[in-house]
Amino acid sequence: MMKIKVNKEKGKFTLIISGVILIGLIAFLFFNHYFSFAIPCPFHKLTGLYCPGCGITRMILSILQLDFYQAFRYNAFLMILLPFALVYGILYFIAWIQDRQVPRLPNIVWNILLIAAIAFMIARNIPLFSFLAPTVIA
């Protein structure tokens, strides 16, 4: 049986950071539930256009309520990327905590993601593709 080496300092650091994130998430959900606290998009406020990230707060809240269809309607681009980002994040974390070389995405992947985000932003602001704007299902 192969023993996996884990860096204990990184493990402790991870627990502390995870605790801080969990407390922040609980505080955010509390404020959002009782005070309808929402993070406004400065790009949308200034221009009236939707950026690639518009709707992400409502998307996350919908995911936490297991309403994946509504989450998709708030931000389809990020919902499609979410499973890939989670898998990459888990692999990155495992390599980091085991002191192995962390996997890197090639520059071509980052370029494709940037072009896709810009295309999504443009499309969701064209009336023909208004279904890409963050909307609530009636």
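The values are calculated or read from the model by the stated rules, or taken from the named source; none is laboratory data. Model, not experiment: these values are computed from the prediction. The accessibility values were calculated without ligands, DNA or RNA, using every heavy atom of the protein model including side chains. Shrake-Rupley method; radii C 1.70, N 1.55, O 1.52, S 1.80 Å.
Using a probe of 1.4 angstrom, how much of the accessible area of the chain is carbon and sulfur, in percent?
Details: 7850 of 10480 Å².
For the chain, the apolar C and S fraction of the accessible surface comes to 75 percent.
Let me understand the chain better: what is its radius of gyration from the alpha carbons, and its Dmax, in angstrom?
Expressed in Å, the Cα Rg and Dmax of the chain come to 18.4, 59.
Calculate, in whole percent, how much of the Cα-Cα pair population of the stretch 71-138 lies beyond 14 Å. Don't jump to the answer; show the numbers that get you there.
Details: 1568 of 2278 pairs.
In whole percent, the long-distance tail amounts to 69.
If ligands, DNA and RNA are left out, what is the accessible area of TYR92 with a 1.4 Å probe, given in Å² to the nearest 10?
80
Over the stretch 1-133, with the other protein chains present, what is the accessible area per residue in square angstrom, probe 1.4 angstrom? Mind dumping the intermediate values first?
Working: 10110 Å² over 133 residues.
Result: 76 Å² of accessible area for each residue.
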